[in-house]
1. Report whether or not Val331 is at pLDDT 70 or above and of a type in the set (Val, Ile, Thr).
2. Which condition number in (1) among the polar types (S, T, N, Q); (2) open to solvent by less than 80 Å² (accessible area, probe 1.4 Å); (3) closer than 26 Å to Met247 by Cβ is the one that Gln300 fails?
3. Just one of Ala379, Ala388 is hydrophobic (A, V, I, L, M, F, W, C), loosely packed, with under 12 Cβ neighbours inside 10 Å and under 20 Å from Tyr191 (Cβ atoms); which is it?
4. Is one or more of the residues making up region 116-131 open to solvent by less than 60 Å² (accessible area, probe 1.4 Å), at pLDDT 85 or above, of a type in the set (S, T, N, Q) and not assigned by the TED database to the domain that holds Gly89?
5. Take Ala257 and decide whether it is buried (at least 19 other Cβ atoms within 10 Å of the Cβ), at pLDDT 85 or above and at negative phi.
6. Inside region 86-115, can you point out the residues that are under 14 Å from Asn73 (Cα atoms), in a strand (DSSP E or B) and open to solvent by 50 Å² or more (accessible area, probe 1.4 Å)?
7. Checking the condition open to solvent by 20 Å² or more (accessible area, probe 1.4 Å), modelled with pLDDT under 90 and out of contact with any strand residue (DSSP E or B) (no Cβ under 7 Å at 6 or more places or on another chain), which residue from Thr57, Thr53, Thr79 passes?
8. From the list Gly328, Gly366, which one is in the same structural domain as Asp310 (by the TED database), in contact with a Ser or Thr (Cβ under 6 Å, 6 or more places away or on another chain) and closer than 13 Å to Leu296 by Cβ?
Amino acid sequence: MDLVRLHLETYSFLAGQIPGTTPAIPGMFPAMFPLATGQPFGALPVMPVQAMTQQATRHARRVYVGGLPPTANEQSVATFFSQVMAAIGGNTAGPGDAVVNVYINHEKKFAFVEMRSVEEASNAMALDGIIFEGAPVKVRRPSDYNPSLAATLGPSQPNPNLNLAAVGLTPGSAGGLEGPDRIFVGGLPYYFTEAQVRELLESFGPLRGFDLVKDRETGNSKGYAFCVYQDLSVTDIACAALNGIKMGDKTLTVRRANQGTNQPKPEQESVLLHAQQQIALQKLMLQPGAVSTKVLCLTQVVSPEELINDEDYEDIMEDMRGEGEKFGTLVNVVIPRPRPNDAAPGVGKVFLEYADIDSATKARAGLNGRKFGGNQVVAVFYPENKFAQGEYDD
């Protein structure tokens with residue numbers, strides 16, 4: 001009893017000395033928790049409301065991001081998604097960054113990205129397939145997401161008015177560009193037109209959805225696209241046949257946008273072989289010389305020996321100019337000449353620059369295959385940027 005009395009007296013003494021505590025009442029155990037001023041006797045301290053709210057809503061404020069490149073880290077992911085959310089108008093919790101926390105599993109290449117609010121997390125779901133550091137990533141709900149509970153906390157669907165085009169995505173994901181069978185097509189030459197990319201992809205069948213991603217300021221292709229086939233069974237066939245194909249100075253990267261690794265089934269092998277043969281033909285058609293430009297390159301027209309004499313050279317220039325003007329407004333004629341003791345680029349070629357692509361197209365149709373000085377002319381389109389820089393050896 002003496003020991004118990006000693007403990008009680010000591011506690012009573014200390015309680016009376018600590019500011020904000022109530023002195024012990026003789027004969028009674030003091031309160032287990034010190035009471036704040038004005039707090040009713042017997043009340044227990046509680047977790048702050050904000051902390052409780054954050055804990056209760058975390059499952060609805062987090063998004064799963066899969067397929068991250070090896071270079072990704074917490075800071076780069078947080079910065080990227082905060083910037084993207086601001087760009088699409090997805091921030092609803094006021095100024096500042098939408099992302100408050102990121103956890104990355106580097107081994108499995110995924111992250112959990114925590115947003116400030118339930119509504120911002122729902123808006124982030126519209127970012128599925130966005131390109132992060134050169135690769136499309138999956139944006140999904142985490143496994144602990146509770147749809148019925150989340151419905152009571154805020155919107156569970158992205159705002160339909162998000163400006164997804166600002167980050168290269170198609171609003172509503174393009175009638176048919178959602179789901180596991182969506183294909184990512186990367187490494188496209190920038191000069192490929194939308195029609196040419198579609199033609200290449202449609203070698204395997206009609207498309208249900210297609211989107212060639214373009215720069216929103218210039219309207220130029222960013223070099224990648226997404227598509228979904230009407231017949232989903234050709235998805236893996238198309239990926240296998242197209243992936244790794246050389247297109248000009250580029251190599252295509254074609255795979256499921258969710259980074260799946262499914263391979264064609266054995267019974268699809270014959271279809272794949274046929275498709276690869278089609279692609280070989282498409283590849284020839286889509287080389288730079290087949291892409292319409294305002295510049296035409298003629299070969300098999302003149303020999304280097306014919307260009308040495310100044311008088312002969314001028315005659316050939318006049319002949320080429322006269323022929324070229326038959327098809328439209330001719331801006332320039334360039335015929336590279338041999339240089340003493342030096343291999344001049346483009347010798348033996350004739351370049352015709354027109355005011356518009358239509359004239360150049362007519363000239364190609366009219367000159368290709370014609371006989372000129374006993375030779376059969378080959379006429380192909382030539383990249384305008386190379387011509388402007390004086391690069392004639394392509």
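1. Yes, satisfied.
2. Of everything listed in (1) among the polar types (S, T, N, Q); (2) open to solvent by less than 80 Å² (accessible area, probe 1.4 Å); (3) closer than 26 Å to Met247 by Cβ, Gln300 misses just condition (2).
3. Ala388
4. no
5. It is false that Ala257 is buried (at least 19 other Cβ atoms within 10 Å of the Cβ), at pLDDT 85 or above and at negative phi.
6. Hits for region 86-115 are Asn101, Tyr103.
7. After applying the criteria, what remains is Thr53.
8. Gly328
The values are calculated or read from the model by the stated rules, or taken from the named source; none is laboratory data. Everything numeric in this text was worked out from a predicted model, so none of it was measured. Reconstructed Cβ throughout: ideal geometry from the backbone, glycine too, with neighbour counts over all protein chains shown. What goes into the accessible areas is simple: the full protein's heavy atoms, side chains included, and nothing from ligands, DNA or RNA. Shrake-Rupley method; radii C 1.70, N 1.55, O 1.52, S 1.80 Å.
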